[in-house]
Amino acid sequence: MTMGKFVTKAVIPAAGLGTRFLPATKAMPKEMLPVVDRPAIQYVVEEAVNAGLTDLLMITGRNKRALEDHFDREPGLEQALELKGDQGRLDLVQQASDLGPIHYVRQGEAKGLGHAVLCASQHVGNEPFAVLLGDDLIDEAETLLTTMMEVQQKTGGSVIALIEVDPSEISAYGCADITAIEGEDYVRVNSLVEKPAVGEAPSNLAVIGRYVLHPSVFGVLENTEPGRGGEIQLTDALQTLAAGEGEGSGVYGVVFKGRRYDTGDKLSYLKAVITLASERVEFGEDLKTWMKAFVG
Ligand code: G1P
């Protein structure tokens with residue numbers, strides 16, 4: 001058993017253009033779209049903090065200033081709420097800035113997820129780190145990231161999260177060919193392919209947006225040619241690590257069966273908002289009653 005360094009760093013890529021959500025994302029980062037009453041990105045930062053990650057780095061780009069403002073203090077607003085005696089709203093406002101200091105680095109050019117992760121190399125240095133993508137919201141009751149960090153510690157390699165999808169949906173994801181490991185609840189990843197055509201996919205196991213990576217991924221990313229969509233793909237770098245041997249190679253998968261919400265496109269975003277809203281104590285029951293009447 002290889003004991004790796006303890007994971008403390010989370011990299012949160014948030015530089016994407018959000019084209020799937022235009023026109024809402026014309027002047028606003030897609031990460032700021034509200035899921036009930038919190039921007040989507042806040043759920044992701046909270047998940048990282050709840051998993052014990054203390055060093056947060058967000059990869060941003062042009063037109064992403066709202067992200068930094070959201071996680072910063074807002075003295076004017078806080079004072080106004082204090083004067084009104086509105087402690088409830090003051091707590092909500094401060095929740096986002098209390099998540100801890102966040103570091104930011106700009107990607108500069110939209111050259112893909114692999115390139116975004118590479119922008120974190122100087123900050124991360126030579127230790128394993130987590131990557132959390134904003135389009136996937138993992139229910140706060142789940143412990144996926146913690147499990148993945150344990151698997152990283154145990155194997156010394158890189159760890160991805162997988163879900164089973166309907167074969168018709170696989171072309172929207174990275175796809176993994178895996179082998180079960182006897183006696184373990186994680187799997188070995190033999191190979192990976194980014195967004196394969198339906199019918200050419202090696203399995204129906206889709207990569208979702210949580211990774212715990214060995215820092216050797218940076219060296220691999222530096223030498224990864226643009227792949228699907230002309231972008232430097234993280235999946236391609238992980239394929240190299242899966243096929244490689246020696247220090248830092250080896251990719252493992254945790255098959256996630258828990259609750260996950262996708263805010264990446266318009267329909268799944270609406271489903272995520274409705275699901276999470278229907279669970280809110282303040283108005284969940286009222287919403288469900290209304291929805292039943294609405295759909296008749
Ligand atoms: C990215 C990855 C893909 C993964 C997906 C999960 O794609 O490249 O392998 O399956 O995230 O959300 P994107 O959705 O950014 O196109």
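The values are calculated or read from the model by the stated rules, or taken from the named source; none is laboratory data. These numbers were taken from a predicted model, which means no experiment stands behind them. Heads up, the Cβs are rebuilt from the backbone with ideal geometry, glycines too, and the neighbour counts pull from every protein chain shown.
Pick from the range 250-296 the residues that are among the hydrophobic types (A, V, I, L, M, F, W, C), touching a helix residue (DSSP H, G or I) at 6+ places or on another chain (Cβ under 8 Å) and within 29 Å of Thr147 (Cβ to Cβ): which of them is surrounded by the most Cβ atoms within 10 Å (Cβ to Cβ)?
Per the criteria, the residue is Val251.
Is there any pair with a first residue in the range 18-40 that is more than 18 Å from Ile59 (Cα to Cα) and a second that is modelled with pLDDT under 95 and of a type in the set (Ser, Thr, Tyr) whose Cβ atoms are under 7 Å apart and which are 6 or more apart or on different chains, and what are they?
As it stands, the answer is Val35/Thr263, since those pairs meet every condition given.
Filtering the range 92-144 down to residues that are in a helix (DSSP H, G or I) and within 15 Å of the ligand (Cβ to nearest atom), which residue is nearest to Ala10 (Cα to Cα)?
Top of the filtered list is Val117.
Return only the number of the condition from (1) touching a residue at least 12 places away in the same chain (Cβ under 8 Å); (2) out of contact with any strand residue (DSSP E or B) (no Cβ under 8 Å at 6 or more places or on another chain); (3) more than 16 Å from the ligand (Cβ to nearest atom) that Thr147 does not satisfy.
Here Thr147 clears every test but (2).
Can you tell me which residue within the range 225-253, out of those that are under 12 Å from Leu113 (Cα atoms) and outside any helix (DSSP H, G or I), is farthest from the ligand (Cβ to nearest atom)?
Pro226
Considering the range 105-122 alone, what residues qualify as being surrounded by 15 or more Cβ atoms within 10 Å (Cβ to Cβ) and either touching a His at 6+ places or on another chain (Cβ under 6 Å) or not hydrophobic (A, V, I, L, M, F, W, C) (or both)?
The answer is Gln107, Lys111, Gly112, Gly114, His115, Ser121.
Among the residues of the range 67-80, are any in contact (Cβ under 8 Å) with a residue 40 or more places away in the chain, surrounded by fewer than 13 Cβ atoms within 10 Å (Cβ to Cβ) and under 19 Å from the mean Cα position of the chain (by Cα)? Spell out how you get there, then give the answer.
Step one: list which residues in the range 67-80 are in contact (Cβ under 8 Å) with a residue 40 or more places away in the chain, which gives 67.
Those still in the list that are surrounded by fewer than 13 Cβ atoms within 10 Å (Cβ to Cβ) too: none.
No: the range 67-80 contains no residue that is in contact (Cβ under 8 Å) with a residue 40 or more places away in the chain, surrounded by fewer than 13 Cβ atoms within 10 Å (Cβ to Cβ) and under 19 Å from the mean Cα position of the chain (by Cα).
Out of all the residues in the range 163-174, which are surrounded by fewer than 24 Cβ atoms within 10 Å (Cβ to Cβ) and under 17 Å from Asn190 (Cα atoms)?
Once the filter is applied, which keeps residues that are surrounded by fewer than 24 Cβ atoms within 10 Å (Cβ to Cβ) and under 17 Å from Asn190 (Cα atoms), the range 163-174 yields Ile163, Glu164, Tyr173.
Quick check on my filter: what residues within the range 191-207 are surrounded by fewer than 21 Cβ atoms within 10 Å (Cβ to Cβ) and in a strand (DSSP E or B)?
Correct list: Ser191 only.
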